[in-house]
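Only one structure is covered here, and it is reproduced in the block below.
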Amino acid sequence: MTDPAELRVWLQDTARDHFGRPAQIDGPYPLLGGASRELWSFDALVEAERHELVLRRDAVGDGDAWFAAEWEAMAAASRHGVPVPGVLWGDAAGGLVMQRVRGEARPGRILREERYATARGRLVDEVARAAAALHGVALGEVPAVAAAAPGGPAPAAPLAPAQAAVAGLEAELDRIGEPHPALELGLRWLRLHLPDPVAPALVHGDFRLGNWIVDEAGLVAVLDWELCHAGDPAEDLGWMCIRSWRFGADDRAAAGCGGRDELLEAYAAAGGRAISRDELHFWEVYGNVRWGVITRIQASVAGDLRSLERAAIGRRTAEPEWDLLAMVG
């Protein structure tokens, strides 16, 4: 964990540059959540104004690539009507400073507390509209995202988004160097059931319950953009439907709040391309393989970072493997 005193100095200096006036920093205070990034809450006091802010920073020191892509993606998404926290300033070494958004991100509360009943009824439609707006962003608006390879070195010839995504997962699993027959079976199934190629679009990469701020009225903001990339828009919809992101509401595939057909119809009505149930199924299978690979990656780095959260994630590989086997028969 970064030293708060060091962060306070950086925040004070950069806040002064951003506001053009001296700023007093109240904080920063660590926030829960963010397995791959540090989150800090603080207030910047500028004369009589109090600005409620959040710092999101890389915890490992490899921030250059994610910083540029995340900044671009959030700014472009906001221009296209996707609800995101306003990004104010930052750099690759220090992180991204953004507005603090009020609401709830914890899935258990959103799915079970009575105060969020109205939000649950609206959420599938609202996240479908947010996804359609996001996928409508031209890749020319996000050159840092468009330039990033989807896992491993760039191939000699460009691959279709689904083919590139599967190749990236295979490369990651090979780097882990452990035998995982269920994940390997899933990769074989994916290679045999690739959907028709589509034009790549801006994809969030972790579009799901837990990365959305929700209040009693519905969706407030989409968070955690560090996995954004150029890909197939259906990837975001399939990812939000895997059982791990329903948080116990297993009978409602779309984020624990609604059905798959409801999601696809709302997405198309909002201007997204028509996505078939077969395509969605492919990306749900892909999502389970991907989540299984991610859990192994988290386990492999947990010791180096002394992270209990990453170690706990690393023990969950069997969950997506079980779901994966059920999905591919």
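Positive end of the dipole of the chain (Cβ unit charges, origin at the Cα centre): among W10, G108, V220, the Cα lying farthest that way belongs to G108. In nm, to one decimal, how far is the modelled label at R21 from the one at S41, with both set 7 Å along Cα→Cβ? Placing both labels 7 Å along Cα→Cβ, they lie 2.5 nm apart. Considering the zone a paramagnetic label at E265 would reach in this model (a point 7 Å from Cα along the Cα-to-Cβ line), which residues of the stretch 98-124 have amide N under 14 Å from it? Backbone N within reach: 124.
Tell me which label goes with the value of volume of the Cα convex hull per residue in Å³ computed from the coordinates here: (i) 160; (ii) 137; (iii) 247. It is the one labelled (ii). Per-residue ellipticity at 222 nm from helix content only, as computed over the chain with -39500 (n - 2.57) for each DSSP H run of at least four residues, stands at -15000 deg cm²/dmol. Run the accessible area of the chain with a 1.4 Å probe and give the carbon-and-sulfur part as a rounded percent. Heavy-atom surface of the chain belonging to carbon and sulfur, 1.4 Å probe: 52 percent.
Relative to the Cα centre, the charge distribution of the stretch 148-296, modelled as +1 at Lys and Arg Cβ and -1 at Asp and Glu Cβ, gives a dipole magnitude of about 280 debye.
Calculate the length of the line joining the C-alpha centroid of the stretch 273-296 to that of the stretch 191-247, in whole Å. Cα centres, the stretch 273-296 to the stretch 191-247: 10 Å.
Annotation: extensible slack from D91 through E178 equals 27.7 nm (criterion: 0.36 nm per residue apart, minus Cα-Cα distance).
Charges at C-beta only: +1 for Lys and Arg, -1 for Asp and Glu. How large is the resulting dipole of the chain about its Cα centre, in Debye rounded to 20?
Dipole about the Cα centre, nearest 20: 460 debye.
Taking only protein heavy atoms and a 1.4 Å probe, what accessible area per residue, in Å², does the chain have with all protein chains in place?
Dividing the accessible area of the chain by its residue count gives 45 Å².
Under 5 Å between amide hydrogens, built in the peptide plane, is the criterion, and for L88 it picks out V97, M98, Q99 among residues at least 5 positions away or on other chains. Using R₀ = 45 Å, calculate the FRET efficiency as 1/(1 + (r/R₀)^6) where r is the Cβ-Cβ separation of E52 and D278; round to 0.05. Calculated transfer efficiency: 0.50. If R0 is taken as 22 Å, the Cβ-Cβ distance between A171 and R315 corresponds to a FRET efficiency of 0.40. When a/c reaches 1.5 or more, the comparison of a/b and b/c decides; with that in mind, is the stretch 66-144 rounded, prolate or oblate per its Cα gyration tensor? Taking the square roots of the gyration eigenvalues as a ≥ b ≥ c, the stretch 66-144 is oblate.
Taking amide H as placed 1.01 Å from N in the peptide plane, V220 has its amide H under 5 Å from the amide H of I213, V214, D215, each at least 5 places away in sequence or on another chain.
The values are calculated or read from the model by the stated rules, or taken from the named source; none is laboratory data. Being a predicted model, the structure only gives us computed values, none of them experimental. Note that we place each Cβ from the backbone using ideal geometry, even for glycine, and neighbour counts take in every protein chain shown. Surface accessibility is based on the protein's heavy atoms, side chains included, excluding ligands, DNA and RNA. Shrake-Rupley method; radii C 1.70, N 1.55, O 1.52, S 1.80 Å.
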